[in-house]
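Colleague: Structure below; questions to follow.
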Amino acid sequence: MDKRIHLLAVLAFCCLCSTAADGWSNEKGKAGDKKAAAPAPPASDDAASAPKPLDIPFVSEAPAIDGQLNDPAWQQPPLPLGEWVTYNPLYGNKLVQRTEVWIAYDRVALYFAFRCHDPEPDKLKTAISRRDTIWNDDWVGLSLDALGSHQSSYDLFVNPSGIQADILNSSTAGEDTAPDWVWESAGRTNEDGYSVEMRVPFKSIRFKSGANVGMGILFWRRVSRLGMSASWPGLPPGRSIFTRHAPITLHDIKQPMTLELIPNVTYSYDQTRSAPGGWTNDSTPDGGITAKYGITSSVTLDGTFRPDFSQVESDAFQVEVNQRYPIFYSEKRPFFMEGMGTFDLAGIGGDGNMRTAVHTRRVIDPLYGLKLTGTVGKMTFATLSAADDGPGNVDPSDPLYDRKKYFNVARVLYSLGKGTYIGGLMTDTELADGNNRVAAGDVSLRIGAHQQVTATAIASKSRNSDGSGERSGMAGQVFYSYSSKRQFFASQLEHYDRDFQMDTAFYNRTGITTNWTYYSLNFYPDEQRYHWFKRVAPFVWVHSGRDRIQRGDEHFYLGGIQMFFTRQGFFRADFGRGREPWAGKLFSTGMTRVMGGAQLLRWLNVFGQMNFNRSIYYDPSNPFAGREKDFHIEGILQPNSKLNQGLSYDRVLFNRASDGTRVYSVDIINSRTTYQFDKHFALRAIAAYDSSRRRVLTDYLASFELVPGTVVYAGYGALFERQAWDGTRFVAGEGDYLNTRRGLFFKLSYLYRF
């Protein structure tokens, strides 16, 4: 076996056996804001001291959730929080906008109230929009470590219009926007800013029942026009968020019985064009059920049978021409989305080869699914099982016709301290006489205030569906990072054997050993003179490795600069050169890139990027060097609080380097229009164009969502493709654009909570 595999295994094993120190950084991230917090100051900073416990009163009269803050529960003085400290784009500033907070609880729920003062209330940015789309608005929120485990938290946010967003944050996978919990919120603007109320039922969160229930709390606020975000306690990224929660204690609280049922019925009517004047019709009524049962206060079983896994929003078109690696499409099916971050391995994602260890879109057409998740002491565990009707289910001549593929995943984590853990993962897929079995171990350590180390070791064993071709392989990674106010450093070593296989994962390639290293230095302009200019950070990124399948060494050197401004503004420019092996040849590669974006006006957010690349045409038998130009621009137009128009345009040009002849050009347009009548009812229209595949997609949807699980959807979609009829069949890419597929869709589901 390659000696590098032994070395990687030894490194991972040593890290797995190490004891952890508390500490490390928070890289809190969410679209439009909570990403890329500024590097931390020294750990001796007063803001990094341990937060003090908060005294939370029990109330006999539950406050009405209307945003008015006139209930008896809020007539006491606000919590003595002190100064809120900014964390993005700078750490350590004080907001002029003051925030007052109240918390209360009774036997069934937690209650929160926020009074958000603003000296310029007419400049607040807010919208009546879909859930989880408020990130460019002003908002206020909280992070609740309900289990007190220092490993996960419920992060809840509300904008001044009362629209919700929620995130599951975990030490394994960071932030996951997929879960949608049942909780109430209301917001109101006023002459002094805005106010928000929240009600979080105990049925919606997982905690440990008892006479004294310990939890942790942290508060957020964002001022959109400044592009500034602040928190209490302070959130220096040299510390884990799971070390920053302030302790709270609730007395004599028991987890209510958790039993939820969501029956659903769906109906689809699809037509496919079979001839110039003829259609093939397919009418499909269906039904299913999803259930959730709280076995204990901290262990939950989820199950689904014949679920509705229709994607009510189509995947946005992406450039698919001349892509060396597979295109990644995010999971959008609710049962699989919730809590999937638990299955991720340490060090996976980011700039690495593997994007996720469990990519549930591999389950194409599930018949059933089961998930068991829970926390016992310092141990967190999760399992997932599903049966897939997808493989071979189209062609009766396929040897796999009517054969199911079975997916089984098990994950366990043991807490070593605040935000640190050691874990294991096992996956198994079975199809006919074939299988793929994988075992992995990982560790994530935060050392002091500034350092993080992760390591992962993965072993696989596989055989083909006919029982032949048994093979095995190893993979793994070691990652180290250092963060301070002045600088950030990170480096990762990865290895994947030729015969490594992981059917549940999404990764780019095998047969490689690679390393990347990143370093940036931060400078902070004088805020008195340049109040609009927040930070400038020059950086370098170096990648090198050996590709044993393509038979060559690769490397890439990149240098650039990033600048951050108010109004969520940023600018980045970088330049790189390298080489890449492909099909037994070694090609020179390069990139010059410029990008930037900002919330230019309260109603307009824009982003643009230009790339000029020395590239490869990835033909496996006859590759050649090329010159590529990529242009991308996107904008979000919001003329009023209810209408939102998103539009993006991509153009890619590729010329042969030797003579300048055009090889291909691609234009991609994606448009998404939403009109939100109120927080429950919306109309949405999607239109997309892809010149490379000569197709146009239209997708219309009316949706009503009372609470997550209780929804009504009605939609219509149509696909137009350029085709010509030659008398016997359609010829793709010729003639006019024809409507080749169209369909109606209806869904109704209802959440029963017992």
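Colleague: With the calculation restricted to Cα positions, what are the radius of gyration and Dmax of region 31-253 in angstrom?
Modeller: Just the Cα atoms of region 31-253 yield Rg and Dmax of 16.2, 46 Å.
Colleague: Identify the trypsin sites (Lys or Arg not before Pro) of region 654-754 meeting these criteria: DSSP loop state and at most 11 other C-beta atoms within 10 Å of the C-beta.
Modeller: 729
Colleague: Show that you can apply the helix-only estimate: for the chain, add -39,500 (n - 2.57) for every DSSP H stretch of four or more residues, divide by all residues, and state [θ] at 222 nm to the nearest 500.
Modeller: Calculated mean residue ellipticity at 222 nm is -500 deg cm²/dmol.
Colleague: Can you give the FRET efficiency for residue 107 and residue 678, using 1/(1 + (r/R0)^6), R0 = 30 Å, r = Cβ-Cβ distance, to the nearest 0.05?
Modeller: Numbers: r = 31 Å, r/R0 = 1.03.
The computed FRET efficiency comes out at 0.45.
Colleague: Using alpha carbon centroids, what distance separates region 458-485 and region 687-717, in Å?
Modeller: 37 Å
Colleague: Just rank 519, 713, 154, fewest to most, by other beta-carbon atoms within 10 angstrom.
Modeller: Ordered from fewest to most neighbouring Cβ atoms within 10 Å, 519, 713, 154 come out as 519, 713, 154.
Colleague: Now, a different point. Measuring from centroid to centroid over Cα atoms, what is the spacing of region 52-130 and region 251-310 in Å?
Modeller: After rounding, the separation between the Cα centres reads 36 Å.
Colleague: Please list, in chain and number order, the residues 5+ apart from residue 418 or on another chain whose amide H is under 5 Å from its amide H, with Hs placed from the backbone.
Modeller: The answer is 23.
Colleague: Moving to a separate point now. Determine ³J(HN,Hα), in whole Hz, for all residues of region 679-684 in sequence, where each value follows from phi through the Karplus function 6.51 cos²θ - 1.76 cosθ + 1.60 and θ = phi - 60°; x replaces Gly and Pro.
Modeller: So the Karplus estimates, Gly and Pro as x, are 5, 9, 10, 8, 10, 9 Hz.
Colleague: Check residue 722: other-chain or 5+ apart residues with amide H under 5 Å from its amide H, H built from backbone geometry?
Modeller: The answer is 733, 738.
Colleague: Report the calculated FRET efficiency for residue 642 and residue 426 (r = Cβ-Cβ distance, R0 = 45 Å), to the nearest 0.05.
Modeller: 0.40
Colleague: Which longest uninterrupted range of the chain lacks any GluC sites (Glu not before Pro) assigned by DSSP to a loop state (not H, G, I, E or B) and surrounded by at most 15 other Cβ atoms within 10 Å?
Modeller: In the chain, the maximal stretch lacking such sites is 528-733.
Colleague: Roughly speaking, what is the stretch gain from residue 491 to residue 754, that is 0.36 nm per residue apart minus the C-alpha to C-alpha distance, in nm to one decimal? Mind dumping the intermediate values first?
Modeller: Working: separation 263, 0.36 × 263 = 94.68 nm, distance 4.97 nm.
Length gained, residue 491 through residue 754: 89.7 nm.
Colleague: Right, another one. With each pseudo-label sitting 7 Å past Cα toward Cβ, what's the residue 607-residue 585 distance in nm, one decimal?
Modeller: 3.5 nm
Colleague: State the extension gain, in nm to one decimal, for the chain segment bounded by residue 306 and residue 251, taking 0.36 nm per residue of separation less the distance between their alpha-carbons.
Modeller: Full extension from residue 306 to residue 251 adds 15.7 nm.
Colleague: While we're here: Where a ≥ b ≥ c are the square roots of the eigenvalues of the C-alpha gyration tensor, would you call the chain rounded, which needs a/c under 1.5, or, failing that, prolate if a/b is larger than b/c, or oblate?
Modeller: rounded
Colleague: With r as the distance between the Cβ atoms of residue 651 and residue 621 and R0 = 30 Å, compute the FRET efficiency 1/(1 + (r/R0)^6) and round to 0.05.
Modeller: 0.60
Colleague: Which distance in nm do the two modelled labels at residue 325 and residue 704 give, with both placed 7 Å along the Cα-to-Cβ direction?
Modeller: Calculated label separation equals 4.4 nm.
Colleague: What residue among 564, 57, 444 has its Cα farthest toward the positive end of the dipole of the chain, where the charges are +1 on Lys, Arg and -1 on Asp, Glu, each on the Cβ?
Modeller: 564
Colleague: Here is a follow-up. Taking the Cα centre of region 31-253 as the origin, how large is its charge dipole in debye, to the nearest 20, when only Lys and Arg (+1) and Asp and Glu (-1) carry charge on their Cβ atoms?
Modeller: Taking the Cα centre of region 31-253 as origin, the dipole is about 460 debye.
Colleague: On a C-alpha basis, how far is the centre of region 571-601 from the centre of region 135-195 in Å? Whole number, if you could?
Modeller: Spelled out, the Cα-based centre of one part sits 36 Å from the other.
Colleague: Would you kindly derive the ³J(HN,Hα) couplings of region 604-619 from the backbone phi angles with the Karplus curve 6.51 cos²θ - 1.76 cosθ + 1.60 (θ = phi - 60°), listing them in order in whole Hz, with x for Gly and Pro?
Modeller: Listing the rounded values in order: 9, 10, 10, 8, x, 8, 10, 10, 10, 10, 8, 10, 10, 8, 7, 7 Hz.
Colleague: Cut-off under 16 Å on the C-alpha distance; same-chain residues fewer than 8 positions from residue 371 excluded. Which aspartates and glutamates are left, in chain and number order?
Modeller: Counting by Cα, and skipping residues close in sequence, residue 371 has these aspartates and glutamates nearby: 260, 302, 338, 344, 388, 428.
Colleague: Still on this structure, please answer the following. Work out, step by step, the length gained on full extension between residue 732 and residue 372: first 0.36 nm times the residue separation, then minus their alpha carbon distance; give nm to one decimal.
Modeller: 124.9 nm
Colleague: So what is the relative contact order of region 31-253, in percent, for Cα pairs below 8 Å that sit 6 or more residues apart?
Modeller: Relative CO of region 31-253 lands at 28 percent.
Colleague: Among 415, 274, which comes first, second and so on when ranked by fewest other beta-carbon atoms within 10 Å? Don't skip to the end; give the middle numbers.
Modeller: Values: 415 21, 274 13.
By the 10 Å Cβ count, ascending: 274, 415.
Colleague: Something else now. Please report, in debye to the nearest 20, how large the charge dipole of the chain is about its Cα centre when each Lys and Arg carries +1 at its beta carbon and each Asp and Glu carries -1 there.
Modeller: 1420 debye
Colleague: Would you mind working out the magnitude of the charge dipole of region 79-119 relative to its Cα centre, with +1 at each Lys and Arg C-beta and -1 at each Asp and Glu C-beta, to the nearest 20 Debye?
Modeller: Here the size comes out at about 20 debye.
Colleague: Mind listing the long-range amide H neighbours of residue 511? Cut-off is under 5 Å, sequence gap 5 or more, other chains count too, H placed in the peptide plane at 1.01 Å from N.
Modeller: The answer is 496, 497, 498, 500.
Colleague: Which of rounded, prolate, oblate describes region 635-754, given a ≥ b ≥ c as roots of the alpha-carbon gyration tensor eigenvalues and a/c under 1.5 marking rounded, otherwise prolate only if a/b is larger than b/c?
Modeller: It is oblate, given that a/c is not under 1.5 and a/b is not larger than b/c.
Colleague: Moving to a separate point now. By count of other Cβ within 10 Å, fewest leading, how are 96, 696 ordered?
Modeller: Going from sparsest to densest Cβ surroundings: 96, 696.
Colleague: For every other residue with a beta carbon closer than 14 angstrom to the beta carbon of residue 54, add +1 if it is Lys or Arg and -1 if Asp or Glu, then tell me the sum.
Modeller: -1
Colleague: Near residue 418, which lysines are there with a Cα under 22 Å away, not counting those fewer than 8 places off in the same chain?
Modeller: Residue 418 reaches 28, 30, 34, 35, 52, 208, 378, 485.
Each reported figure results from applying straightforward, stated rules to the coordinates on display, with no laboratory input. Predicted model only: the values in this text are computed from it and were never measured. Because the Cβ atoms are built from the backbone with ideal geometry, glycine has one as well, and the counts that use them run over all protein chains shown.
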